[in-house]
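Please treat every number below as a calculation from the coordinates, not as lab data. This one's a predicted model, so the numbers in the text were calculated from it and none came from an experiment. Virtual Cβ from ideal backbone geometry, glycine too; neighbours counted across all protein chains shown.
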């Protein structure tokens, strides 16, 4: 058990180190932002074309108000082209939430380091910045559940749509927290910088 905990701690430590490096390196931050925006545009492009092949339904990932009872009725309208598009969508959607999480967390790290260094140091020491990556984990769970549901269809597994919707709701909730934290940290850092400039 201790070895498992050590491995987990090492993985989290490497992820946090990557985030901190991005927050300190302008070209890495720019590259993450570029890939984040590019993957988002690719997902939206697929989402725009998807309804023509799925009986009018959007990909599950883009339906924030999706109910468990809607999953299989929508799947009944999927054509082979819709399935292929969804596979491409899912492939991109493994990279997108990770890039989004890196961007959000690196932005918060930069802002706190510049304005609240003690809080920043405490969060880094406890690896609490990684809490902002929870939306990524729930997004991946949503992807796995949606893909499994599609691949197994027409066989229906009763708990899969429920897990899909729960993962989606958790993703949206944690994303709200991480985005709110980012905006608050950036606004506070901007205010701190302005006050420092006025005093100097």
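At R0 = 45 Å, how high is the FRET efficiency between residue 200 and residue 12 if r is their beta carbon distance? Nearest 0.05 is fine. Efficiency at R0 = 45 Å is approximately 0.70.
Only DSSP H runs of four or more residues enter the estimate; each adds -39500 (n - 2.57), and after division by the residues of the chain the mean residue ellipticity at 222 nm equals -27500 deg cm²/dmol.
Short to long, the 10 Å bins of the Cα pair-distance histogram for the range 55-145 hold 14, 35, 23, 16, 10, 2 percent of all pairs. Across all directions, the shadow cast by the convex hull of the range 91-143 built on its C-alpha atoms averages 3.4 square nanometres.
How long is the gain from residue 176 to residue 33 if the chain were fully straight, where each residue apart is worth 0.36 nm and the alpha carbon distance is subtracted?
Contour length minus Cα-Cα distance gives 49.6 nm.
Here the Gaussian network model covers the chain, with springs between Cα atoms less than 10 Å apart; of 88, 57, 125, 125 fluctuates the most. Helix 134-152 axis versus longest C-alpha principal axis of the chain: approximately 10°, rounded to the nearest ten. Note on the chain: with a GNM built from Cα contacts shorter than 10 Å, the maximum mean-square fluctuation among 31, 155, 52 falls on 155. Size descriptors for the range 124-200: radius of gyration and Dmax over Cα atoms are 19.4, 69 Å. Applying Stokes-Einstein at 20 °C and 1.002 mPa s to the Kirkwood radius of the range 1-116, computed over alpha-carbon pairs, gives a translational diffusion coefficient of 128 µm² s⁻¹. The fraction of all Cα pairs in the chain landing in successive 10 Å bins from 0 to the largest distance is 8, 29, 29, 20, 10, 2, 0, given as whole percents.
With angles folded into 0 to 90 degrees, how steeply does helix 2-24 sit against the dominant principal axis of the chain? Use alpha carbons for both and round to 10. Computed tilt is about 70 degrees. Does anyone have the angle between helix 26-49 and the longest principal axis of the chain? Alpha-carbon axes, 0 to 90°, nearest 10? Rounded to the nearest ten degrees, it is 20. Shape class of the range 157-199 from the Cα gyration tensor (axes a ≥ b ≥ c, square roots of the eigenvalues): prolate, since a/c reaches 1.5 or more and a/b is larger than b/c. Given 20 °C and 1.002 mPa s, compute D for the range 108-168 with the Stokes-Einstein relation, Rh being the Kirkwood radius over Cα pairs; round to the nearest whole µm²/s. Answer from the Stokes-Einstein relation: 154 µm²/s.
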